[in-house]
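Reviewing the structure listed below.
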């Protein structure tokens, strides 16, 4: 794997064939299927910038950002560049959208 800057988005990997990815987000546990939103930080993978932000920033820095919550992982959308809306539901990224629609909300 090529070296990346901490917190960089993994690009050029596209869609992992459904069912073959064993990687999960270090913050919300969602299986990583759509790699174009995945963020890597020192070998740790996050499904998107939202989970990366929630895992690495002090809670005080995220205060006041709860405008929308992901319907799957429940985290506030602080990075809306990967936001997905399907019907009335909003997700932080395609990984959470896919997980919600195929598995349901987390237990």
Once residue 85 and residue 41 are pulled to full extension, the length gained, defined as 0.36 nm per residue separation minus their Cα-Cα distance, is 13.2 nm
Treating the Cα atoms of segment 33-97 as identical point scatterers in vacuum, please give the log10 of the normalised Debye intensity I(q)/I(0) at q = 0.23, 0.24, 0.27 Å⁻¹, two decimals. -0.94, -1.01, -1.21
Could you tell me the calculated FRET efficiency between residue 61 and residue 22, based on Cβ-Cβ distance and R0 = 30 angstrom, to the nearest 0.05? 0.45
Which of 36, 98 has the fewest other C-beta atoms within 10 Å, and how do the rest follow up to the most? 36, 98
Quick note on 37, 81, ordering by fewest other C-beta atoms within 10 Å, gives 81, 37
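Coordinate-derived values only; no laboratory data. All figures in this text were calculated on a predicted structure; none of them were measured in a lab. Backbone-built Cβ (ideal geometry, glycine too); neighbour counts: all protein chains shown.
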